[in-house]
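To start, the structure itself, in structure tokens.
The values are calculated or read from the model by the stated rules, or taken from the named source; none is laboratory data. Just so you know, these numbers come straight off a predicted model, no measurement behind them. Note: ideal-geometry Cβ built from the backbone for every residue, glycine included; neighbour counts use all protein chains shown. Side chains included, ligands, DNA and RNA excluded: accessible areas come from the protein's heavy atoms. Shrake-Rupley method; radii C 1.70, N 1.55, O 1.52, S 1.80 Å.
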Amino acid sequence: MKVIVKTTLVLVSALYISGCTTLSRTENATLQELKSYGVSETEVAVKHPAAAGALNILPGVGNFYLAAGTGESTQWTYGFINLLFWPLSPIWAVPQGAIDATTINKKETVNYYTFDRIGKQEFAQLRLDEGQ
């Protein structure tokens, strides 16, 4: 009975964590527009995917790394869940950390060109150059 409960908890947690960080529809559209102008998806790299993946070998550390200094508060939750299910958690946590770091970098690229004063000017100039 205990084995079934533990297995169920691990599977439910793995499914919960597999949701990963995602881009909104608007962020995806902005990213596609930026790509059409030749801007790299991860031009603004604030987190390193290899570091996030490697740090998740230790329980939740990669998720805590991703949460620190970003607006990704769900990473704290993912980190604690990974800590709870260690030593099994690296199976899903290592790839999840690398994927989430890439997604966070994409979000930061969109945020730079959408909200930062200099980024907005650069984006406007890209649009003007394309229109000529």
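Does region 66-88 hold any residues that are among the aromatic types (Phe, Trp, Tyr) and either in a loop (DSSP other than H, G, I, E, B) or touching a Lys or Arg at 6+ places or on another chain (Cβ under 7 Å) (or both), and which are they?
PHE85, TRP86
Inside region 11-42, can you point out the residues that are surrounded by 16 or more Cβ atoms within 10 Å (Cβ to Cβ), at pLDDT below 85 and not in a loop (DSSP other than H, G, I, E, B)?
Within region 11-42, SER13, ALA14, ILE17 meet the criteria.
Residues that are over 29 Å from THR7 (Cα atoms) and either of a type outside the set (A, V, I, L, M) or modelled with pLDDT of 85 or more (or both): does region 80-99 have at least one?
No, there is no match, as no residue in region 80-99 is over 29 Å from THR7 (Cα atoms) and either of a type outside the set (A, V, I, L, M) or modelled with pLDDT of 85 or more (or both).
Being within 15 Å of HIS48 (Cβ to Cβ) and open to solvent by less than 30 Å² (accessible area, probe 1.4 Å) narrows it down to one of ALA101, ALA68, ALA93, so name that one.
ALA101
What number of residues within region 44-64 are over 12 Å from the mean Cα position of the chain (by Cα), in contact (Cβ under 8 Å) with a residue 40 or more places away in the chain and surrounded by 15 or more Cβ atoms within 10 Å (Cβ to Cβ)?
The qualifying residues number 5.
Just checking, how many residues over region 89-112 are touching a residue at least 60 places away in the same chain (Cβ under 8 Å) and in contact with a Lys or Arg (Cβ under 7 Å, 6 or more places away or on another chain)?
Qualifying residue count for the region: 2.
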